[in-house]
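Here is the structure we will look at.
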Amino acid sequence: DKLSYGLTRLEQVVRHEISQIGIARGFHRQAETAAAKGDLDTFRKFFEQADQLYESCGAAATGLEMHPALLELEQRVAVHENQLRDMNGAIKKAEVAIEADDLEVAAERVAHALRVAPGAGPAGGVRAE
């Protein structure tokens, strides 16, 4: 009877983990889609949900390479976020320079923003792989 209970309990735990991994995969896909579109707020929301579920699944998610893949996606998005911040900072400095009639500095800042822009993508988006 104890063996039967133990097996039933183990089956419940396994089913729960499989369910959690399935839900995490769904959030992971939604995070990838949001990143590809450059929707950073939506990416963060789905990333957090997937990350928490993968964490709760532990070795199962890590062993299947799902959690590491999600964390790699987050690193790529972070690079693009930094490029976007850099580009926006350069644009703001260019605006200040234009207001001060310092067109040489403004031109330098615009040139910097344009160099960063291709890497930043639309709103910092990255392509899902």
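Extension gain for the segment Arg9 to Val105, taken as residue separation times 0.36 nm less the Cα-Cα distance, is 27.7 nm to one decimal.
Among the GluC sites (Glu not before Pro) found in segment 40-106, those both in a DSSP coil and sparsely packed, with 12 or fewer other Cβ atoms within 10 Å of their Cβ, are Glu65. Which of the chymotrypsin sites (Phe, Trp or Tyr not before Pro) found in segment 1-75 are loop residues per DSSP with 15 or fewer other Cβ atoms within 10 Å of their Cβ? When the chymotrypsin sites (Phe, Trp or Tyr not before Pro) of segment 1-75 are filtered for loop state and at most 15 Cβ neighbours within 10 Å, nothing remains. Placing +1 on the Cβ of every Lys and Arg and -1 on the Cβ of every Asp and Glu, with no other charges, gives the chain a dipole of roughly 480 debye about its Cα centre. Near Arg25: Cβ cut-off under 13 Å, other residues only, Lys/Arg at +1 and Asp/Glu at -1. The net charge is -3. Working note: Karplus 6.51/-1.76/1.60 with θ = phi - 60° gives segment 98-112 the couplings 5, 4, 8, 6, 9, 5, 5, 5, 4, 5, 4, 5, 5, 4, 5 Hz, where Gly and Pro are set to x. Relative contact order of the chain, please, whole-number percent, based on alpha carbon pairs below 8 angstrom and at least 6 residues apart. Reported relative contact order: 29 percent. Apply the a/c threshold of 1.5 to the C-alpha gyration tensor of the chain and tell me whether it is rounded, prolate or oblate. Note, shape of the chain comes out prolate.
Rounded to the nearest 500, the 222 nm mean residue ellipticity of the chain from helices alone is -30000 deg cm²/dmol, with -39,500 (n - 2.57) taken per DSSP H run of at least 4 residues.
Every number here is computed from the coordinates shown, using simple stated rules; none is lab data. Small disclaimer: the values here were computed from a predicted structure and weren't measured. Here Cβ is always computed from backbone atoms with ideal geometry, including for glycine, and neighbour counts include all displayed protein chains.
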